[in-house]
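The values are calculated or read from the model by the stated rules, or taken from the named source; none is laboratory data. Just so it is clear, the structure is predicted and the values come from calculations on it, not from any experiment. All Cβ positions, glycine included, derive from the backbone under ideal geometry; neighbour counts span all protein chains shown. These accessible areas exclude ligands, DNA and RNA; they are computed on the full protein's heavy atoms, side chains included. Shrake-Rupley method; radii C 1.70, N 1.55, O 1.52, S 1.80 Å.
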Amino acid sequence: MTGQNQRIIVIGGGIAGLTAAFRLQRAGFDVTVLERSESELIGGRMSTVERKGFHIDVGATLLLSSYEVMIQLAVDAGLAHQIRPAGDVFGIFRDAAVQRISSGNRLHMLRSPLLRALPARDLLKVAADFGRARNLFGWHDMSRAAPADFESVRDYTVRRGLHPATFEYLLAPFVAGPALAEPEQASALSAFFFFNTLIASGGTFTTPQGVGFLPRGLAGQLPVEYLAEATSVEEHKDEVTVTWNRPGEPEHIETAAACVIAVPPPRLPGLYPQLDDGQRTYLQDIAYSRSVHIAFGLDRPTAESSLLLQIPRIEHPELAAYVLEHNQHPDRVPPGTGLVMAHFRGTWSADHWALDDEQVVKHALAGTRRLGVLPELERHMTMAEVFRVSPCTVMRRPGEYRAIARFARTLRGDTRVRFAGGDFLAHSTTNSSVCSGEHVAAQLTRFLHKARTDQP
Ligand SMILES: Cc1cc2nc3c(=O)[nH]c(=O)nc-3n(C[C@H](O)[C@H](O)[C@H](O)COP(=O)(O)OP(=O)(O)OC[C@H]3O[C@@H](n4cnc5c(N)ncnc54)[C@H](O)[C@@H]3O)c2cc1C
């Protein structure tokens, strides 16, 4: 065993921290996870809560077949039996109708009315640019994309002379949906990244318990301290000191051979002051969206068959997308029911963060009525619950991949404190966080093994 019972403290029980903790424990380290939430919210932005029989994903909800590292993690943790292949139909609302694309069938995708309605020369240009860009993508580190990162989605559209419809219906939804970002602000590369993640990945998977199956399953195999908020991390030559608090208890001060910090990057400078000025500036400048979204429980499934229904902003100024959970797999909801998540645009969520729940639900229902989609939301609703998530997802702006490359170069291989999470060097996807957790665990295992064997 490599770890030989050396202690490692992992801060953050999101999927990045739990992945790192699971791998480090498997490598023989004595691991403790500190999570500031209660156990119901284990998994952070990948958690699932139960309400009236529905398993509702609080943040992430779509898991793609291309998440191979995540699937392997589920296999290694003995959780793969819960996985079901899910629906692969994505819808986009255009001109009072839903246009559908099946991501599992390339031919069907090319023949879809959505693509056929766009100028063919635009599609050829976008396909060629996407083909070049996709070689630059990395799940946990996007440094390689730095040289190609110089324009927003809007500027890219203008430079390539694309039709406004190509911009609104093909490119903008790939930042408005997954990153809740506006195409004027987001880097063109992030639109290509999410196109590759969502559509070019060839399908999705799910479980009856929602996405929370994975963090919950990992946490069940790890010592996790709940309601434990880390307040400071200090690195010394041979050890790390971690201070944490739990309501009603005296302050805890503990030492370990190493520490993995797996919290959203903007929280890092307050927790770990031993950063240089460049690192601190990069972390504090990362821009996040906010999300106000609603879970609608229904007494029946919807007639609409898509799994994700995107609403371009020229079709509606507030609503961004609906996720139709019952279309992932029938086991995903109680028999005969439906579960729809309604997501607002990131800008709308930021501006209406404090709006009361009743008003939020009213806005979603009024918007849905105006669009003329999903009539079941009003007629067959059995519950509605509003969720607010902040920070939600990273918005990568033009030039940010160059900042990522600079920050990545500052991360040394000989430190006892490491950072895990897709938001540090890539994008907010659950698989980016899994890959980051795997990477950090492997690096730290090698480093601590070497430090031990080098001892006189
Ligand atoms: C609304 C929404 C929809 C999304 N949709 C998708 C999707 O469909 N598919 C997809 O792949 N991804 C999606 N994502 C992105 C994905 O959820 C995240 O990128 C991923 O879950 C982040 O994992 P993480 O472990 O890096 O961070 P987090 O999940 O944020 O975990 C960090 C953890 O650290 C804890 N913490 C923070 N500070 C402290 C402290 N001081 N001490 C102790 N604990 C602390 C937090 O409570 C949290 O549990 C979505 C995100 C949101 C919000």
Return yes or no: is R280 away from the ligand (no atom under 13 Å from the Cβ), of a type in the set (K, R) and within 27 Å of T445 (Cα to Cα)?
yes
Kindly evaluate Q221 against the criterion of being over 17 Å from the mean Cα position of the chain (by Cα) and not assigned by TED's automatic domain parsing to the domain that holds E68.
no
Can you tell me how many residues in region 52-75 are part of a strand (DSSP E or B) and at pLDDT 95 or above?
5
Considering only region 193-214, state which residues are over 16 Å from the mean Cα position of the chain (by Cα) and surrounded by 24 or more Cβ atoms within 10 Å (Cβ to Cβ).
T207
Among the residues of region 377-398, count how many are within 21 Å of E325 (Cβ to Cβ) and either within 28 Å of the chain's Cα centre (by Cα) or polar (S, T, N, Q) (or both).
12
Test each condition in (1) modelled with pLDDT under 95; (2) under 24 Å from the mean Cα position of the chain (by Cα); (3) among the aliphatic types (A, V, I, L, M) for I314 and report the one that comes out false.
(2)
Taking region 55-84 only, how many residues are more than 16 Å from the ligand (Cβ to nearest atom) and not charged (D, E, K, R)?
6
Before we move on, is E40 assigned to a helix (DSSP H, G or I), of a type in the set (D, E, K, R), open to solvent by 30 Å² or more (accessible area, probe 1.4 Å) and more than 6 Å from the ligand (Cβ to nearest atom)?
yes
Please determine whether any residue of region 338-359 is open to solvent by 50 Å² or more (accessible area, probe 1.4 Å), at pLDDT 95 or above and closer than 17 Å to V58 by Cβ.
yes
Report every pair of residues separated by at least 6 positions or lying on different chains whose Cβ atoms are under 8 Å apart, first residue within region 256-272 and more than 9 Å from the ligand (Cβ to nearest atom), second small (G, A, S) and open to solvent by 20 Å² or more (accessible area, probe 1.4 Å).
Y272/S232
Any residue at all in region 17-33 that's outside any loop (DSSP other than H, G, I, E, B), closer than 30 Å to D299 by Cβ and within 13 Å of the ligand (Cβ to nearest atom)?
no
Could you pull out the residue among A405, A426 that is over 24 Å from G177 (Cα atoms) and either in the same structural domain as R23 (by TED's automatic domain parsing) or touching a residue at least 40 places away in the same chain (Cβ under 8 Å) (or both)?
A405
Is it fair to say G78 is out of contact with any strand residue (DSSP E or B) (no Cβ under 7 Å at 6 or more places or on another chain) and either of a type in the set (S, T, Y) or not assigned by TED's automatic domain parsing to the domain that holds T302 (or both)?
yes
Name the residues in region 328-340 that are within 16 Å of the ligand (Cβ to nearest atom) and either assigned to a helix (DSSP H, G or I) or within 14 Å of V386 (Cβ to Cβ) (or both), would you?
R332, V340
Across region 408-437, what is the total count of residues that are of a type in the set (A, V, I, L, M, F, W, C), over 21 Å from the mean Cα position of the chain (by Cα) and over 22 Å from T241 (Cβ atoms)?
0
Can you name the number of the only condition in (1) open to solvent by 10 Å² or more (accessible area, probe 1.4 Å); (2) closer than 30 Å to L298 by Cα; (3) of a type outside the set (F, W, Y) that Q6 fails?
(2)
Identify, from the list L283, L268, L222, L227, the residue that is assigned to a helix (DSSP H, G or I) and closer than 30 Å to I56 by Cβ.
L268
Across region 341-371, what is the total count of residues that are assigned to a helix (DSSP H, G or I) and within 16 Å of the ligand (Cβ to nearest atom)?
7
Looking at region 391-401, can you tell me whether even one residue there is part of a helix (DSSP H, G or I), over 21 Å from T429 (Cα atoms) and more than 14 Å from the ligand (Cβ to nearest atom)?
no
Given the conditions (1) under 22 Å from the mean Cα position of the chain (by Cα); (2) within 16 Å of the ligand (Cβ to nearest atom), which single one is not true for A405?
(2)
